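In what follows, a structure is listed as structure tokens, so that the remarks can point back to it.
The values are calculated or read from the model by the stated rules, or taken from the named source; none is laboratory data. These numbers were taken from a predicted model, which means no experiment stands behind them. No Cβ is skipped: glycine too gets one built from the backbone with ideal geometry, and neighbour counts run over all protein chains shown. All accessible areas refer to the heavy atoms of the entire protein, side chains included, with ligands and DNA or RNA removed. Shrake-Rupley method; radii C 1.70, N 1.55, O 1.52, S 1.80 Å.
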Amino acid sequence: QAQLAASGGGLVQPGGSLRLSCLTSGSIFRLFHMGWFRQAPGKEREVVASMSSNGGITYYEDSVKDRFTISRDNATNTVNLQMNSLKPEDTAAYYCGAGRSIASMRNYRSITYWGQGTQVTVSS
């Protein structure tokens, strides 16, 4: 049974915006650090953004700083990724993941739970 459910991908023109959401169980949301990863065809999965379980620590990959914002909604056990000023190079399958340590959020191999991918395509 899937522990995380990702949604919100789609086709958008360069410069546009999308909002990804990842719904999870209350226990995972409270205890695990959460993040978003992406994988383009032929490339390794990479971290895009992550947030600690208490929301106090965030990390952004350099190419998305000042464009993407990760947030946690405690009322709905949801982690969101607001993506603005999208570029063609942001095209990829995006995955939400939950990890047991802050360090694990930097390495996709250390993630404990995965959601299904949601495709983001940035093209004119």
Divide by every residue of the chain the summed helix terms, -39500 (n - 2.57) for each DSSP H run of at least 4, and state the resulting mean residue ellipticity at 222 nm, rounded to the nearest 500 deg cm²/dmol.
-1000 deg cm²/dmol
If we sort 106-118, 80-92, 62-74 on the protection proxy, mean other Cβ atoms within 10 Å, highest first, what's the order?
80-92, 106-118, 62-74
Whole-number accessible area per residue in Å² for region 1-70, which is evaluated in the context of all protein chains at 1.4 Å:
52 Å²
accessible surface per residue for region 72-124, probe 1.4 Å, DNA/RNA/ligands not counted, whole Å² -> 48 Å²
Determine the gain in length on full extension of the stretch Lys43-Arg30; use 0.36 nm per residue of separation and subtract their C-alpha separation, reporting nm with one decimal.
1.5 nm
Carbon + sulfur, % of accessible area of region 23-124 - ligands and nucleic acids excluded, 1.4 Å
46 percent
Within region 24-45, find all residues whose amide N lies under 12 Å from a label point positioned 7 Å from the Cα of Ala5 along Cα-to-beta-carbon.
24-25
What is the Cα coordinate range of region 1-86 on the first, second and third principal axes, sorted by size from largest, in whole angstrom?
36, 29, 25
